[in-house]
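Each value in this text was obtained by applying a stated rule to the coordinates, not by laboratory testing. Predicted model, so just to flag it, every value in this text is computed and none were measured. Virtual Cβ from ideal backbone geometry, glycine too; neighbours counted across all protein chains shown.
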Amino acid sequence: MSSNVPHTAMVLAAGLGTRMRPLTDTCPKPLIEVGGKRLMDRMIDPLIEAGVQRIVVNVHWLADQVEAHVAGLKGVDLIVSDERGEVLETGGALVKAAPVLGDDPVFVVNTDAFWGEGDATPLLELAEAFDPERMDELLLLADTQRSLGYGGAGDFLRAETGSLTRRGENPSAPWAYAGVRILKPQAFAGLEVERFSVAWRIWGPLVESGRLHGLPLDDFWLHVGDPQALKDAEMWLRCHGA
């Protein structure tokens, strides 16, 4: 295990999963199975393999099911960040969890995407590349041409230095946020616990200051956002024996 690997990870598991309905009417999206494995486990297992020692999981929709599932995690300390009162989105969730995240860099991961190999390599590479002197956040980036289930036009342009700019007025961009990043919790210091997305309130200023960077994922990327993407991912996994 690299000494650069963050000790703590936050796993975002509180979303409503509206695009995955009707499946999410009775099952929270992170617990939907793809290829015989829960979506969130396809991210938690590599985190543990990489050496993460503490995992913070936020819960909201069908929270009891998510809590019951993660209670069985082995080999890590588990903390549940309870958002039953109001789902706080990607930004507010981090502000609420700040007291338990600590001051050192942390992984933050979504639970609706994963890479083909399913191993810890991308996490280790991200940890090795994170330079807190030059960056406040380092995002794992998926090649939009090497992915399945992603219907967007791409999120970012990437300079040779690794710094990111938004797609903006360009019709497309080669890189999509792959749902995994390392960040310095200080970026959220002093913010109110309220519902907001990081995409504009946090990433916008970091792009302007040159402190939002990205690392390309050297693997095939699968995004599971709706029932059709779930079927496509199942087929891909069967074909590749993953």
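Of all DSSP beta bridges confined to region 139-218, the antiparallel ones make up roughly 75%.
Simple point charges give the picture: +1 on the Cβ of Lys and Arg, -1 on the Cβ of Asp and Glu, and for region 1-88 a dipole about the Cα centre of about 240 debye. Note on the chain: GNM, Cα springs under 10 Å; of H223, H213, H69, the largest mean-square fluctuation is that of H69. Based on Cα atoms of region 47-120, Rg over Rh with Rh as the Kirkwood radius reads 0.95. Taking every DSSP helix (H) stretch of at least 4 residues in the chain, weighting each as -39,500 (n - 2.57) and dividing the sum by the residue count yields a mean residue ellipticity at 222 nm of -7500 deg cm²/dmol. Kirkwood radius and radius of gyration were both taken over the C-alpha atoms of region 87-148, and their ratio Rg/Rh is 0.99.
Between the C-alpha center of region 211-242 and that of region 39-78 there is a gap of 20 Å.
Here the chain carries DSSP beta bridges of which approximately 50% are antiparallel, counting only pairs with both residues inside. Restricting the calculation to Cα atoms, region 147-191 shows an Rg/Rh of 1.06 when the hydrodynamic-style radius is the Kirkwood one. Listed values for region 221-230 are Karplus-derived 3J(HN,Hα) couplings in whole Hz (6.51 cos²θ - 1.76 cosθ + 1.60, θ = phi - 60°), namely 10, 10, 9, 10, x, 8, x, 5, 5, 5, and x replaces Gly and Pro.
Between V5 and any residue 5 or more places off or on another chain, the built amide H atoms are never under 5 Å apart. Lysine pair count for the chain with Cα-Cα distance under 28 Å and sequence separation of 8 or more or different chains is 10.
Quick check for me: using +1 on Lys/Arg Cβ and -1 on Asp/Glu Cβ, what's the dipole size of region 8-240 about its Cα centre, in debye to the nearest 20?
Its charge dipole is roughly 440 debye.
With kT/(6 pi eta Rh) evaluated at 25 °C and eta = 0.890 mPa s, and Rh the Kirkwood radius from Cα pairs, the chain diffuses with a coefficient of 136 µm²/s according to Stokes-Einstein. Structure remark: mean-square fluctuation, Gaussian network model of the chain, C-alpha springs under 10 Å; the largest value among T24, T144, T161 belongs to T161.
Largest first, the three principal axis extents of the alpha carbons in region 59-174 are 42, 34, 30 Å in whole numbers.
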